[in-house]
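The values are calculated or read from the model by the stated rules, or taken from the named source; none is laboratory data. If you're wondering where the values come from, they're calculated on a predicted model, not measured in any experiment. Note: ideal-geometry Cβ built from the backbone for every residue, glycine included; neighbour counts use all protein chains shown.
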Amino acid sequence: MSSVAVETSGATRPSLVGLTRAELGKALATIGVPDREIRMRVNQLWHWIYFQGVTEFDRMTNVAKALRATLAEHYSLSRPEVIVEQISNDGTRKWLIRLPPTSATDKGAEIECVYIPERDRGTLCVSSQVGCTLTCTFCHTGTQKLVRNLTSQEIVQQLVVARDRIGDFPGMTPPTDGMLPSGEGVRAVSNIVFMGMGEPLYNFDNVREAIGVLSDGEGLSLSKRRITVSTSGVVPQIPTLGDEAGTMLAISLHAVRDELRNTLVPLNKKYPIDELLDACRNYPGLSNARRITFEYVMLKGVNDSPADARELVRLLKGIPAKINLIPFNPWPGTQYECSDWDVIERFSDIVFNAGYASPVRTPRGRDILAACGQLKSETEKVRARARLMMEAEAEAESDHA
């Protein structure tokens with residue numbers, strides 16, 4: 001594992017990075033671009049910001065020089081600050097990102113996002129809230145109170161930051177300090193999962209707008225079939241997600257009985273299992289080609305018996321589904337333990353023999369607390385560590401001079 005403190009300076013001008021087409025149009029109108037030109041100029045900016053990933057307006061060679069100067073006077077192409085980058089032994093990367101202040105009293109919220117590389121693809125796990133509104137007892141992120149929702153711009157910016165850091169824009173040189181996917185036509189970030197900090201369906205409007213930017217074919221160009229939104233079970237918003245966003249759906253299930261799920265996922269008290277599964281059966285676009293992923297964390301002696309496996313199969317009957325078994329990822333202070341490996345394999349066999357794909361998710365990034373259920377911004381500790389590292393580097397440079 002390696003950890004790098006990153007020092008950057010925030011811009012005082014608002015950034016255009018992460019904005020929707022409509023928001024870019026409003027920004028152009030504000031600086032006097034004629035209405036008849038706005039659509040064309042938005043298309044130009046879109047290409048340079050989201051396809052090329054430029055960081056300077058002067059790079060936009062097909063934009064008039066005078067307009068480039070006006071843009072630079074009023075706006076920036078800045079990204080949120082990466083405070084610390086951690087690289088796991090398995091190549092997983094976790095970034096602690098400081099967002100620009102939203103008011104005079106806001107010092108800038110901090111979130112985490114995680115990049116998980118594999119041979120043929122790279123998955124970025126993005127956050128949708130600062131903290132989390134839920135209190136799932138097995139999840140480290142759930143121990144951090146909700147601060148606020150992220151804007152659609154802040155959600156999109158996580159992908160832009162990731163592509164910057166791993167050289168995934170044209171002309172960039174990828175880093176050599178970790179595994180990246182390779183092959184003809186393979187992008188370093190090919191998949192997005194809304195499985196970071198927060199409950200996406202409690203921030204639906206911003207999540208939907210962000211998905212529109214992420215999936216736009218003329219920019220970041222991620223297929224909606226490669227974008228998965230995970231929910232703990234906000235039942236009323238599930239059909240809306242299918243109708244208005246059209247992404248893949250994942251359900252954070254983790255139990256087959258209401259009395260246990262009420263403890264593991266307290267939201268279940270509001271939307272019990274039967275209601276949740278009814279919403280899944282009616283998810284727009286559901287088919288064998290667009291299966292729902294059911295996430296099931298394996299907790300020793302809690303939810304991992306053969307009887308649990310058989311009940312899971314019974315509950316999901318008739319739903320095109322994949323069951324993602326997740327070995328519990330420990331975190332400081334947790335009361336739970338991971339199921340023994342032979343118990344997980346037995347559970348998986350029961351599910352598989354019933355006709356469901358039941359992969360066991362390989363834990364990634366455990367050594368940097370980047371695995372499923374481990375994300376939590378320990379802000380003061382990380383900030384102090386970053387400051388000490390930068391002070392040490394400055395002292396070393398001074399001694400050398």
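Let's see how each residue does on (1) closer than 16 Å to residue 82 by Cβ; (2) among the small types (Gly, Ala, Ser):
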site	(1), (2)
117	no, no
131	no, yes
147	no, no
154	yes, no
178	yes, yes
189	yes, no
196	yes, yes
206	no, no
217	no, yes
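What are the residues in segment 176-209 that are of a type in the set (S, T, N, Q) and either surrounded by 19 or more Cβ atoms within 10 Å (Cβ to Cβ) or in contact (Cβ under 8 Å) with a residue 12 or more places away in the chain (or both), if any?
182, 190, 191, 203, 206
Which pairs have Cβ atoms under 6 Å, sit 6 or more apart or on different chains, and link a residue in segment 69-87 that is more than 18 Å from residue 155 (Cα to Cα) to one that is of a type in the set (Asp, Glu) and at pLDDT below 95?
No pair meets every condition.
Of all residues in segment 201-240, how many are among the β-branched types (Val, Ile, Thr) and over 13 Å from residue 292 (Cα atoms)?
Final tally of qualifying residues: 6.
Could you identify the single residue in 173, 135, 141 that is at pLDDT below 85 and surrounded by fewer than 16 Cβ atoms within 10 Å (Cβ to Cβ)?
135
Could you list, in sequence order, the residues of segment 88-111 that are among the small types (Gly, Ala, Ser) and either touching a residue at least 60 places away in the same chain (Cβ under 8 Å) or under 17 Å from residue 56 (Cα atoms) (or both)?
Those that are among the small types (Gly, Ala, Ser) and either touching a residue at least 60 places away in the same chain (Cβ under 8 Å) or under 17 Å from residue 56 (Cα atoms) (or both): 88, 91, 108.
Just to be sure, is residue 116 of a type in the set (A, V, I, L, M) and either over 17 Å from the mean Cα position of the chain (by Cα) or more than 20 Å from residue 327 (Cβ to Cβ) (or both)?
no
Any residue at all in segment 54-62 that's among the basic types (Lys, Arg) and assigned by TED's automatic domain parsing to the domain that holds residue 29?
Looking for residues that are among the basic types (Lys, Arg) and assigned by TED's automatic domain parsing to the domain that holds residue 29, one finds at least one in segment 54-62, hence yes.
Among what's in segment 45-59 and is in a helix (DSSP H, G or I) and buried (at least 18 other Cβ atoms within 10 Å of the Cβ), pick the residue that is farthest from the chain's Cα centre (by Cα).
So, considering only residues that are in a helix (DSSP H, G or I) and buried (at least 18 other Cβ atoms within 10 Å of the Cβ), the one farthest from the chain's Cα centre (by Cα) is 57.
Tell me, please, whether a residue that is crowded, with 18+ Cβ neighbours inside 10 Å and under 24 Å from residue 101 (Cα atoms) can be found in segment 34-43.
No, because not a single residue in segment 34-43 is crowded, with 18+ Cβ neighbours inside 10 Å and under 24 Å from residue 101 (Cα atoms).
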